[in-house]
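Since the structure comes first, as C-alpha cells, the remarks are kept for the end.
The values are calculated or read from the model by the stated rules, or taken from the named source; none is laboratory data. Since the model is a prediction, treat every value here as computed from it, not as a measurement. Quick reminder, even Gly has a Cβ in these numbers, built from the backbone with ideal geometry, and neighbours come from all protein chains shown. With ligands, DNA and RNA removed, areas are computed over all heavy atoms of the protein, side chains included. Shrake-Rupley method; radii C 1.70, N 1.55, O 1.52, S 1.80 Å.
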Amino acid sequence: MTGSADALDPVREELLRTARASADAVRDRARADAAETLRAARGTAEELLARARDLGTDQGVADAERERVRAVQDAWAAELVVRAEVYTELRCAVREGVRRALAEGAVSQARLAEAARALLGAEARVTAAGGGGVTAEVPGRRVDLSADALADRALNRLGARAETLWAPQ
C-alpha cells in the first residue's frame, strides 16, 4: 500500500498547493478588504470630524454674534439711561436758571402778563405762578408762562440739536 500512497503524493501535493493558493488568495482579499474598510472608516471619520468642526465653528460664530448684538443692545440701553439722566439734570438746571432770572427781574411780571393777554385777549385772567412767571386763562383756553414752562419750551425748541449734548467734543 505504500506504493499507492506514493502514487497519490503528487495529487495530495497539488491539492495542498491549490488549498494554500486558495487560502492565500482569500487571506489577501480579506487583507485588502480590511485595508479598504479601514481607509473608508478613516475617511468617514475625517469627514465627520470636519463637519463637526464646521458645525462647532458655525455655532461659535452664531453664539459670538448673538453675544455681540446683546452687548451692543446693553450698551445702547445704558447710554439711553445716562442720556435721560443728563437731560433731566439739564432740565432742572435750566428751570432753576429761568426761575433765578425771573426773580432777579430779567423779565418783569408785567411784561409776561402783557404777553399772556396778547395771546388770549385783554379779558384774560392773569395769575402769578409759583417759582416765577404767570399763567393766564379765558374760558376754554390757558397760557402757561411760568418759569418751568418757559424753561421746558426752550429745551423742547432744541429738538434734534439736543443730540449735540452727547456728541464727542
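One table, with the values for the structure above:
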{"read-out": "Heavy-atom surface of the chain, accessible at 1.4 Å and reported per residue (Å²)", "value": "74 Å²"}
{"read-out": "Per residue, the convex hull volume that the Cα atoms of region 28-144 enclose (Å³)", "value": "159 Å³"}
{"read-out": "Tail fraction, Cα-Cα pairs, region 49-88, threshold 16 Å, whole percent", "value": "55 percent"}
{"read-out": "Region 68-169: GluC sites (Glu not before Pro) in DSSP loop, at most 10 other beta carbons within 10 Å", "value": "Glu104, Glu123"}
{"read-out": "Integer Hz, Karplus 6.51/-1.76/1.60 couplings in order for region 78-86, x for Gly and Pro", "value": "5, 5, 5, 4, 5, 4, 4, 5, 5"}
{"read-out": "Separation of the Leu119 and Arg39 label points, Cα + 7 Å toward Cβ, nm", "value": "9.3 nm"}
{"read-out": "Nonlocal amide H pairs with Gly133, under 5 Å, H built at 1.01 Å", "value": "Ala147"}
{"read-out": "Region 44-169, accessible surface, carbon-and-sulfur percent (1.4 angstrom probe)", "value": "57 percent"}
{"read-out": "Helical mean residue ellipticity (222 nm; -39500 (n - 2.57) per DSSP H run of 4+; nearest 500) of the chain", "value": "-27500 deg cm²/dmol"}
